[in-house]
Amino acid sequence: MSDENTTLPDASPEAVPAPVPKRSAIVAIIGRPSAGKSTFLNTACGEKVSIVSPVPQTTRNAIRGIVNGSRGQLVFIDTPGYHESEKKLNLLLKATARDRLDEADCILYLVDATREPGREEEIIAGMLKPISKRVVVGINKIDLPEARPTAVKLFLEKVLPGVDRDRIFEISAEKDTNLDPLLIRLFDLAPEGEAYYPEEFYTDQEVDFRIAEVIREKAMLNTREEIPHALYVDIADLEMKKNGKELWVRAFLTVERESQKSMVIGKGASMIKKIRLEAMKDLNKIFPYHIHLDLQVKVNKNWRQKDPVLGRLMKK
Ligand SMILES: Nc1nc2c(ncn2[C@@H]2O[C@H](COP(=O)(O)OP(=O)(O)OP(=O)(O)O)[C@@H](O)[C@H]2O)c(=O)[nH]1
């Protein structure tokens, strides 16, 4: 607010407070399994966020929830967790986690106050150290008698000295304790700017799911023999454009074999075109924004036998 505005007499009809600039941020949420990420998001974003898609998802757009408030919008994205086993997968997870942290405006690090900070916690802290200026910490589950928030704080001082105390909050995601000050702090770190998504777009988990289901339905109706059961749909990318008026979707129809791929594509790509157009027609009836669909076919050999598929594992 400028000085000029603040000196206006209160009684003046023009004495309307200058609008607070809106802020919006992509917030990567990170924490050990069971630290309380889902619980936090359910409490912070409201009930609707708990709708979880049963469709295989890719890692690109793992939006877990959106908080809309008078100050703007926080879009929470998932960061894959670590598992000590399975080296190859670990590398992939690590790379994905790095990408997520890099693309985020700020990071919410949730720590379970009832557990000893162990090796996994040190790995996470190590990743956050170089970007600690963007990190806000929630020491969670302080409602439980066995919670040891002071021990966690000592650990944080040691491993993440760059995170100031005013960015560390003792919270209970379940009991909704101290979540508001933490969210306010995230808004402080958020850059000024318009919302990324329209307000009703609370989570794209549901949007992903619905889009994938429509595409799958059209593919199943148009194909025969073994194909309907050999395909699944991956939503690779969702991008909102034109201030929430258009949603650009990139999706893959995934089949098990090369021979199925050519059948789904069809002569001169006629089949895939038909599936795409039919899906777009339905999607544009369902959603309030215009949907552009880029649909491609790919092969994931014998995906039904490979359980769980790498990409799906990386989602968590
Ligand atoms: N008492 C208490 N329990 C909590 C709190 N937050 C989460 N929990 C519980 O901790 C367990 C794990 O919580 P989730 O929210 O599923 O944890 P998560 O980090 O999403 O777990 P993953 O999906 O495995 O990564 C659940 O049983 C929650 O009910 C809290 O603030 N207080």
Residue list for the stretch 143-175, filter: more than 16 Å from the ligand (Cβ to nearest atom) and open to solvent by 60 Å² or more (accessible area, probe 1.4 Å): THR150, LYS153, LEU154, GLU157, LYS158, PRO161, ASP164, ARG165, ASP166
Out of all the residues in the stretch 285-302, which are within 16 Å of GLN260 (Cα to Cα) and surrounded by fewer than 19 Cβ atoms within 10 Å (Cβ to Cβ)? GLN296, LYS298, VAL299, LYS301, ASN302
So which residues in the stretch 232-249 are open to solvent by less than 20 Å² (accessible area, probe 1.4 Å) and more than 15 Å from PHE209 (Cα to Cα)? GLY244
From the list ASN178, ASN140, which one is open to solvent by 50 Å² or more (accessible area, probe 1.4 Å) and touching a Phe, Trp or Tyr at 6+ places or on another chain (Cβ under 9 Å)? ASN178
Kindly provide the set of residues from the stretch 94-111 that are over 13 Å from LEU160 (Cβ atoms) and buried (at least 21 other Cβ atoms within 10 Å of the Cβ), ordered by number. ALA97, ARG100, ALA104, CYS106, LEU108, LEU110
Checking the condition modelled with pLDDT under 95, more than 9 Å from the ligand (Cβ to nearest atom) and either surrounded by 17 or more Cβ atoms within 10 Å (Cβ to Cβ) or aromatic (Phe, Trp, Tyr) (or both), which residue from GLU116, GLU120 passes? GLU120
Of the conditions (1) modelled with pLDDT of 95 or more; (2) open to solvent by 50 Å² or more (accessible area, probe 1.4 Å); (3) away from the ligand (no atom under 12 Å from the Cβ), the single one that PRO191 does not satisfy is (1)
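Would the stretch 24-40 turn up any residue that is farther than 30 Å from ARG119 by Cα, more than 16 Å from the ligand (Cβ to nearest atom) and modelled with pLDDT under 60?
no
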How many residues of the stretch 224-246 are of a type outside the set (Gly, Ala, Ser) and part of a strand (DSSP E or B)? The answer is 10
Answer with yes or no whether LYS133 is open to solvent by 60 Å² or more (accessible area, probe 1.4 Å) and away from the ligand (no atom under 16 Å from the Cβ). yes
Hey, can you tell me all the residues within the stretch 256-265 that are closer than 13 Å to LEU295 by Cα and open to solvent by less than 50 Å² (accessible area, probe 1.4 Å)? VAL264
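The values are calculated or read from the model by the stated rules, or taken from the named source; none is laboratory data. Model, not experiment: these values are computed from the prediction. FYI the Cβ positions are ideal-geometry reconstructions off the backbone, even for glycines, and counts take in every protein chain you see. For the accessible areas, the whole protein counts, side chains as well, though only heavy atoms, and no ligand, DNA or RNA atoms are used. Shrake-Rupley method; radii C 1.70, N 1.55, O 1.52, S 1.80 Å.
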